[in-house]
Each structure stands twice: as C-alpha cells, then as structure tokens.
1. Going by C-beta contacts inside 10 Å, put 123, 81, 27, 22 in order with the fewest on the left.
2. Give me the three principal axis extents of the chain from the C-alpha atoms, as integers in angstrom, largest value leading.
3. List the residues whose amide H sits under 5 Å from the amide H of residue 44, counting only those 5 or more places along or on another chain, with H placed 1.01 Å from N in the peptide plane.
4. Mind checking which lysines have their Cα closer than 25 Å to the Cα of residue 116? Skip sequence neighbours fewer than 8 apart in that chain.
5. Relative to the longest principal Cα axis of the chain, at what angle does helix 24-37 sit, 0 to 90 degrees, rounded to 10?
6. Label residue 42 and residue 15 with points 7 Å out from Cα along Cα→Cβ: what is the distance between them in nm?
7. State the answer as a single residue: which of 49, 64, 104 lies farthest towards the positive end of the charge dipole of the chain, with beta carbon charges of +1 for Lys and Arg and -1 for Asp and Glu, about the Cα centre.
8. Normalised by the number of residues in segment 65-126, what is the relative contact order in percent for Cα pairs under 8 Å and 6+ residues apart?
Amino acid sequence: MKLKKTQLINIAIILLLALYFFTPIGFHAKVYLNRLISHNPEAVAERTQKVLEDYDFKLINSEGKLVNLQDYKGDVIFINFWATWCPPCVAEMPDLQLLYDAYGERVTFLFIARDKEKEVSNFLIKKNYNLPVYFESGFTPKTLYTAALPTTFIIDKEGSIVVAESGSADWNAESVHELLDGLLK
C-alpha cells in the first residue's frame, strides 16, 4: 500500500504533535518557545494597584524553617509562584536568577514552589540556581492567591502591588531594574 503525499504529511504532523505534547522533548520545546515569547513585565497602573493588607502568609524555606511574610513588611518584596513541571516557569528561571544575583541583598525574594520538595531541590542543583525557595505552609492571602503559574508580584515598601504578572516574562529586562531601583529609593 502506497501512501499519498498528504497522508505522509498528516502522519508527520501527528508524530510531531505527539513529540511536543507527550515527551520530554516537548517539555524542552515548550520551555524554549516560552523563552522566545517572554515579554517585559509592566507595572500595574497606580490607580488600579491593590494593597496587600494581610501579610500573614506562612512559608517554609528549603531548610525547613518556618517564616512569615509579616517578617518582610516594609521591604520591597518579589514573590514568584512556580513549579518545575511548568514550562513557562522553567523558561523564566535564568532571568530570575540574574535578577536575584543583582538585587538579592536589597530586595526580599520569595520563590514559592508549588511542587514536591525533592523535585525542586533536584532542579535547583541541576541548573545551578541558588534562589531562595519556599513552600506554602498555610493559607495564601486572598490578594496573592493565584492558580496560574508562573505568577509574580512585586510589592513596594508601603504594601502596594506594583507588578502582578502571569506567564513567562523577561525579569532581567532594563525596565524591571529601573522599577526596582525606583522602589528601593
């Protein structure tokens, strides 16, 4: 039985889609695609900014120590919800590492993993990341709750959420550095 050209093309398309959606090759392709389409995050318009009033958010760091967002009230806070199984999350990690390297001492970074601790630890070691990772240990404040991954919030010293971004973004962009520099003044 001889296949027609259109049948061969259809089979090839089906095989490529199967590779993309159901194999590790597909995961890496999704990460690469998300790196290509990532955008510069933008500040929320001042008139629509929400204020974080409930800082009671218990987290456990990678050493098992309990911390509370309340401990960082008055700081510029960068919160990123992510997971190792999320291609857009993995795609933005190199930029997040660069941003953390640049501001780690001046900005409070909370990379909150919605994943298994062992998976996160293995991922960080494999990629040579030294990001401060936390796991939720209580209820997330309503203002910060999100089901979408990745989602990132930047909170100023007064508690205003100046950035609320879902999806892969270029966190090492000049505009992000300018925003953080302005918030730190």
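Bear in mind these aren't lab numbers, they're just calculated from the coordinates by the rules spelled out. Just so it is clear, the model here is predicted, and its values are computed rather than measured. We place every Cβ from the backbone using ideal geometry, glycine too, and count neighbours over all the protein chains shown.
1. Numbers: 123 20, 81 24, 27 16, 22 10.
Listing 123, 81, 27, 22 from fewest to most nearby Cβ atoms yields 22, 27, 123, 81.
2. That gives 73, 37, 30 Å along the principal axes, largest extent first.
3. So residue 44 has HN proximity to 163, 164.
4. Answer for residue 116, where 25 Å is the Cα cut-off: 30, 58, 65, 126, 127, 142, listed by chain and number.
5. The angle comes out at about 60 degrees.
6. 4.3 nm
7. 64
8. Numbers: 45 pairs, mean separation 28.6, N = 62.
The normalised contact order for segment 65-126 reaches 46 percent.
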